[in-house]
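Engineer: One structure, pasted below without further comment.
The values are calculated or read from the model by the stated rules, or taken from the named source; none is laboratory data. Computed from a prediction, not measured in an experiment: that's the story for all the values here. Because the Cβ atoms are built from the backbone with ideal geometry, glycine has one as well, and the counts that use them run over all protein chains shown. Side chains are part of the model used for accessible areas, which takes the heavy atoms of the whole protein and leaves out ligands, DNA and RNA. Shrake-Rupley method; radii C 1.70, N 1.55, O 1.52, S 1.80 Å.
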Amino acid sequence: MTWFRVDDGFGEHRKVDALGSETPHALCVWLLCGNASARALTDGVVTEAMLARSCSALSQTMRRKAVAALVRVGLWEAHPEGWAFKDWLDHQPSRDVVVAEREKARERQRKHR
């Protein structure tokens, strides 16, 4: 299991404050795509398909406005595959770290058995 880490001061961050009228939808997109990225080990990359799947309760227009707001305030940035969380690896473990930890856990369990 992976965890999507969110700082307890995130809600008061200046970038969140700058989202303006898009705050509810943008935070929904940010949270659901962060969770999906952590689960899928994409190192913070969000594809169009991930966005649509993770945020299917929002219309395409709402998703587009939310993404534009996230990019505008610097929480996300453009990426060749879609978008990426800004500074993902400063706050989340990389795919390589998670895979290595899982392998160590499997090896511990194998030895225990």
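Engineer: Filtering segment 13-71 down to residues that are of a type in the set (Gly, Ala, Ser) and in contact with a helix residue (DSSP H, G or I) (Cβ under 6 Å, 6 or more places away or on another chain), which residue is nearest to Asp87 (Cα to Cα)?
Structural biologist: So the residue we want is Gly44.
Engineer: Which of the residues spanning segment 29-44 are on the phi > 0 side of the Ramachandran plot and of a type in the set (Gly, Ala, Ser)?
Structural biologist: Gly44
Engineer: Can you spot a residue in segment 48-66 that is touching a Gly at 6+ places or on another chain (Cβ under 6 Å) and surrounded by fewer than 18 Cβ atoms within 10 Å (Cβ to Cβ)?
Structural biologist: Yes, the conditions are met somewhere in segment 48-66.
Engineer: Quick test for you: out of Leu58, Leu89, pick the one residue that is of a type outside the set (Asp, Glu) and outside any loop (DSSP other than H, G, I, E, B).
Structural biologist: Answer to the selection: Leu89.
Engineer: Could you figure out which of (1) open to solvent by less than 70 Å² (accessible area, probe 1.4 Å); (2) part of a loop (DSSP other than H, G, I, E, B) isn't true of Val16?
Structural biologist: (2)
Engineer: Still on this structure, please answer the following. Pairs needed: first member in segment 78-99, more than 12 Å from Thr42 (Cα to Cα); second member anywhere, open to solvent by 90 Å² or more (accessible area, probe 1.4 Å); C-beta distance under 6 Å; at least 6 residues apart or different chains.
Structural biologist: His91/Arg5
Engineer: Sticking with this structure for a sec: Could you say whether any residue in segment 35-46 is surrounded by fewer than 18 Cβ atoms within 10 Å (Cβ to Cβ), hydrophobic (A, V, I, L, M, F, W, C), assigned to a helix (DSSP H, G or I) and within 13 Å of the chain's Cα centre (by Cα)?
Structural biologist: yes
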